[in-house]
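Data block below; observations after.
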Amino acid sequence: MATSTASTPAPTTTRGSRDPLPRWTAAMALSGTIGAVVLESGAQAPAVAFARCLVGGLILAVWCAARGWLRPRAWTLTKRDLGLAALGGVLLVGNWVLLFASYALSSISVSTVVYHTQPLLLVALAALVLGERFTRGHLARAAVAFGGVTLISLGGQGVDGQPVNVTGIALALGAAVLYAGASLVAKQLSHVRPHLLAAIQLGIGTVLLAPALAITPLPADPGGLAWLVLLGTVHTALLYVLMYSSIGKLPTASVALLSYVYPVVAVIVDVLAYGHRIGAAEGLGMCAVLLAAMAPAVKRR
């Protein structure tokens with residue numbers, strides 16, 4: 001899962017304003033270990049996404065209920081809100097399926113870094129759908145980022161040191177497009193409590209992905225199931241709570257910059273746990289993608 005700053009709430013000054021920084025950093029570090037959990041589960045991408053939606057959605061629903069957010073007077077959703085929430089859920093879950101599938105075809109680090117073209121894709125979608133301004137600076141950063149993707153495609157290593165699978169890169173790019181779309185939808189639902197919105201979308205994902213279990217079942221061994229439970233509890237429910245309890249208390253630039261803890265941790269995990277070796281072309285490509293996507297946040301500081 002990646003994070004987007006497009007709909008980041010304005011920072012607030014509260015007594016707990018010293019706490020959000022470590023919470024957001026912890027959330028990004030946890031995100032960087034998602035790829036390892038997915039691979040260790042041994043399950044195929046649709047089954048992994050289903051488990052994440054089911055476990056994470058149930059826990060978030062309990063969390064919302066415990067805080068009184070499910071009471072009828074605590075929230076009001078129009079038909080438009082429900083339709084947008086459903087659309088966002090479809091895009092979010094589709095993004096997970098594509099990203100999880102890309103891990104096995106390329107590598108955790110390659111997929112995660114390519115996936116981080118999504119801030120630039122979000123700008124492009126906002127220009128196309130909402131008519132927002134698309135500047136020469138955006139075009140320049142996009143050119144640098146996708147030049148980096150090309151370098152990764154040509155010089156990157158995939159699983160077991162094999163040449164990177166271009167299909168895996170294509171899936172990661174597809175996931176980035178879907179996540180950018182989900183972020184665009186979320187901008188239209190900024191008035192809805194984010195924990196509640198996440199619970200609704202995960203519930204939608206559970207229903208959508210349930211039929212896929214007939215083709216891609218859940219793991220039969222307890223170890224594989226344990227990894228999926230971990231993904232749903234720690235890497236989904238806890239992750240969302242950490243994110244949403246901190247994002248509104250941090251400056252947007254800080255949120256954007258610290259979001260890059262995610263790909264850095266993913267690369268470190270891939271190198272240490274799976275022996276991924278980063279060549280010169282791949283390393284240069286990774287730097288190009290991350291720097292191009294990070295540039296707007298650095299400029300705002």
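The values are calculated or read from the model by the stated rules, or taken from the named source; none is laboratory data. These figures come from a predicted structure and were not determined experimentally. Because the Cβ atoms are built from the backbone with ideal geometry, glycine has one as well, and the counts that use them run over all protein chains shown. Side chains are part of the model used for accessible areas, which takes the heavy atoms of the whole protein and leaves out ligands, DNA and RNA. Shrake-Rupley method; radii C 1.70, N 1.55, O 1.52, S 1.80 Å.
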- Item | Full-stretch length increase - residue 79, residue 129 - with 0.36 nm per residue and alpha-carbon distance subtracted | 15.9 nm
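At a Förster radius of 35 Å, what calculated FRET efficiency corresponds to the Cβ-Cβ distance of residue 284 and residue 225, to the nearest 0.05?
In this case the efficiency is close to 0.30.
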- Note on the structure: Under the 7 Å Cα-to-Cβ spin-label approximation, residue 274 and residue 218 lie apart by a distance in nanometres of 2.4
- What percent do you get for the relative contact order of region 34-154 when only Cα pairs under 8 Å and 6+ apart count? 29
- Magnitude of the Cβ-charge dipole of the chain, K/R +1 and D/E -1, about the Cα centre, nearest 20 debye? 1340
- How much FRET efficiency would the formula 1/(1 + (r/R0)^6) give for residue 67 and residue 154, where r is the Cβ-Cβ distance and R0 is 51 Å, rounded to 0.05? 0.55
- At a Förster radius of 22 Å, what calculated FRET efficiency corresponds to the Cβ-Cβ distance of residue 40 and residue 257, to the nearest 0.05? 0.15
- Hey, can you rank 217-224, 19-26 by average C-beta count inside 10 Å, highest first? 19-26, 217-224
- Item | Residue-normalised accessible area of the chain, given per residue in Å² at a 1.4 Å probe | 45
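Grab the DSSP H runs of the chain that are 4 residues or longer, score each as -39,500 (n - 2.57), total them, divide by all residues and round the 222 nm result to the nearest 500 deg cm²/dmol.
-22500 deg cm²/dmol
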- A student applying the Cα gyration tensor rule (rounded when a/c is under 1.5; otherwise prolate if a/b is larger than b/c, oblate if not) would label region 56-172 oblate
- Per the rule of 0.36 nm per residue minus the C-alpha distance, extending residue 139 to residue 19 adds in nm 39.6 nm
- Note on the structure: Simple spin-label estimate for residue 207/residue 190, 7 Å along Cα→Cβ, in nm, reads 2.9
- Beta carbons within 10 angstrom, averaged per residue: use that to sort the peptides 128-135, 106-113, 56-63, highest first. 106-113, 56-63, 128-135
- Roll a 1.4 angstrom probe over the protein heavy atoms and tell me the percent of accessible area of region 22-141 that is carbon or sulfur. 67
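Shape call for the chain from the C-alpha gyration tensor, a ≥ b ≥ c root eigenvalues: rounded (a/c under 1.5), prolate (a/b greater than b/c) or oblate?
Numbers: a/c = 1.56, a/b = 1.14, b/c = 1.37.
Here the chain falls in the oblate category.
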- Note on the structure: On the accessible surface of region 145-272, probed at 1.4 Å with all protein chains in place, carbon and sulfur together account for a percent value of 72
